[in-house]
């Protein structure tokens, strides 16, 4: 007799071969055999239940959440859109809608979205605009960036493609400025809301410095009639305004630096707020300046009236100005550290 | 015995359910403790502002010294030439990436001249993996964007950290005067020049007997070399 309470399996040598018959064939103790069966059945049940729960959780995160995209989204309820890396597939990027009620919702996920672009997504009037980087593998030189428009029903339209691009869409979604390079020099391409070309602006049409190469996007006016941009790293920096009615370009000299930490622009007011705090690329140099005692001035410049006003001064401190309306600017008072409001009409 | 088996089975399943399977996988080693370098007070930025003409004149004086003050003859071609691989900060492949931590809307393209100049010097030393986007995103010692200061716009280089790339010689010299540019080029070491009051950075790589020449990260491939321009506000050499 074999007591299965002391062994869990038995091996029998039959003619030199190891034979492991099922336990129930060997056992003579009938009370033990059902117990082992129960253990196995219970274990199997437990594993099945555990697996079911795990599968359920997986299905919830990977399927249920994505089914939200099938629910129609009302454009009036959407506040903005942003990108996030997909939690289950690192090759995918989610387009996330921020709703006006504070909720977020994943609209759709795509591969190839240029997640690392500093300005990869915009949302205007029920459409999302994103940049995809295509064919970007290894040292392949055949890659392209593509600007896509996606509506809330997930219909996609390719708007533009080039090797490297930036874009700004007008508030009404009817016009888009695409910034791309042509032989190392920037050019601006104005297209309509379906991707058709309006006009290409060369750098020569936008700058007062014939050696300038690079533009800097500022913003559209809220009525979508004017696009404002600037020229950086030039001997004579300027800002420009493109009228989308007649494509006329107005140029205005600008003595500040658009890369300055304290720059904020308001297209509707045709005005810029900036300080003469230097632009630093070296943290040690910036640290040395911060204790230098050098005076820094915050200015308000109106390009139409060609007036410059002094808002405030500091001793080597930033102001962090922000437009809060067409006539009001909020900034940090460097003397008190509190926020102050400056009225441009005062 | 069966009860023990049953008990251990339940405990095992419960543990797997609670802990999950991560404990069975290899965990990454904890971040190494690193000592971050700090700026030597002796290396504080000199308040120098020397015109390109004066910088070139100093180069000619150094060349005359080198020739024993004998008659100076303009060399056919380069008097000194240090081959330096070129990177453009405005290369469309990476120009739209946020610079450092990415604040204030600045990008490698708009404000990455210092980063790109450092990357060119790394490439000269054989560290081609430290190209502008890689150096921009370089994480080290558990810190993202190790080469950048995380305050303000998060886009300013922490020079001692940026020169700490693994395997690199720790030798560096900053910010020296224009009279030392020639001797570094003689030793085959390019010089990063801070120009126009720190508004731009370029890499001095050659002297043609009359003028220094730079690799300008602002330019594209076809215009990468140009005579030194602007005002010189300090030189940087490293990795020697």
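The values are calculated or read from the model by the stated rules, or taken from the named source; none is laboratory data. Bear in mind that the values here come from a model prediction, so they are computed numbers and not experimental data. Don't worry about glycine lacking a Cβ; one is built from the backbone with ideal geometry, like all the others, and counts go over all protein chains shown.
Among the residues of the range B:207-230, how many are outside any loop (DSSP other than H, G, I, E, B), closer than 15 Å to residue B:82 by Cα and out of contact with any helix residue (DSSP H, G or I) (no Cβ under 7 Å at 6 or more places or on another chain)?
Initial filter on the range B:207-230 (outside any loop (DSSP other than H, G, I, E, B)): B:207, B:212-215, B:221-223, B:225-227.
Pick out the ones that are also closer than 15 Å to residue B:82 by Cα and you get B:207, B:212-215, B:225-227.
Retained after the next criterion (residues that are out of contact with any helix residue (DSSP H, G or I) (no Cβ under 7 Å at 6 or more places or on another chain)): B:213-214, B:225-227.
Qualifying residue count, the range B:207-230: 5.
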**Q.** Which numbered condition residue B:146 misses (of (1) outside any strand (DSSP E or B); (2) touching a residue at least 24 places away in the same chain (Cβ under 8 Å); (3) touching a strand residue (DSSP E or B) at 6+ places or on another chain (Cβ under 9 Å))
**A.** (2)
**Q.** Residue match in the range A:288-296 (condition: over 27 Å from the mean Cα position of the chain (by Cα) and free of Cβ contacts under 8 Å to residues at least 12 places away in the same chain)
**A.** yes
**Q.** Matching option when the condition is part of a strand (DSSP E or B) and more than 28 Å from residue A:331 (Cβ to Cβ), among A:160, A:247
**A.** A:160
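Let me confirm something: among A:137, A:154, which residue is away from every other protein chain (no Cβ under 12 Å), without any contact (Cβ under 8 Å) to a residue 12 or more places away in the chain, closer than 22 Å to residue A:117 by Cα and part of a loop (DSSP other than H, G, I, E, B)?
On the way: A:154 fails: without any contact (Cβ under 8 Å) to a residue 12 or more places away in the chain.
A:137 is the lone residue from the list that is away from every other protein chain (no Cβ under 12 Å), without any contact (Cβ under 8 Å) to a residue 12 or more places away in the chain, closer than 22 Å to residue A:117 by Cα and part of a loop (DSSP other than H, G, I, E, B).
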Q: Can you confirm whether the range B:188-208 contains a residue that is surrounded by fewer than 24 Cβ atoms within 10 Å (Cβ to Cβ), away from every other protein chain (no Cβ under 14 Å), touching a strand residue (DSSP E or B) at 6+ places or on another chain (Cβ under 9 Å) and without any contact (Cβ under 8 Å) to a residue 60 or more places away in the chain?
A: no
Q: Evaluate the following for residue B:105: is it in contact with a helix residue (DSSP H, G or I) (Cβ under 8 Å, 6 or more places away or on another chain), at pLDDT below 95 and either within 17 Å of residue B:239 (Cβ to Cβ) or facing chain A (nearest Cβ under 8 Å) (or both)?
A: no
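Those residues that are closer than 14 Å to residue B:165 by Cβ, touching a helix residue (DSSP H, G or I) at 6+ places or on another chain (Cβ under 9 Å) and crowded, with 18+ Cβ neighbours inside 10 Å, I need them from the range B:121-138; list them, please. Talk me through it step by step, then tell me what you get.
Of the residues in the range B:121-138, the ones closer than 14 Å to residue B:165 by Cβ are B:121-132, B:134-138.
When the remaining residues are screened for being touching a helix residue (DSSP H, G or I) at 6+ places or on another chain (Cβ under 9 Å), the result is B:122, B:127-132, B:134-136, B:138.
Matches in the range B:121-138: B:122, B:127, B:130, B:131, B:132, B:135, B:136, B:138.
Being within 14 Å of another protein chain (Cβ to nearest Cβ) and under 18 Å from residue A:179 (Cβ atoms) narrows it down to one residue among A:256, A:229; which is it? Step through it out loud before you land on a result.
Details: A:256 fails: under 18 Å from residue A:179 (Cβ atoms).
Exactly one of A:256, A:229 is within 14 Å of another protein chain (Cβ to nearest Cβ) and under 18 Å from residue A:179 (Cβ atoms), namely A:229.
Listed here are the residues, each with its yes/no results for (1) within 30 Å of residue B:198 (Cβ to Cβ); (2) touching a strand residue (DSSP E or B) at 6+ places or on another chain (Cβ under 8 Å); (3) buried (at least 16 other Cβ atoms within 10 Å of the Cβ).
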{"site": "A:191", "(1), (2), (3)": "no, yes, yes"}
{"site": "A:215", "(1), (2), (3)": "yes, yes, yes"}
{"site": "A:236", "(1), (2), (3)": "yes, yes, no"}
{"site": "A:239", "(1), (2), (3)": "yes, yes, yes"}
(Q) Here's a check for you: in the range A:175-217, which residue that is under 14 Å from residue A:249 (Cα atoms) and not in a strand (DSSP E or B) is nearest to the other protein chains (Cβ to nearest Cβ)? (A) A:203
(Q) Which numbered condition in (1) at negative phi; (2) crowded, with 16+ Cβ neighbours inside 10 Å is the only one that residue A:307 fails? (A) (2)
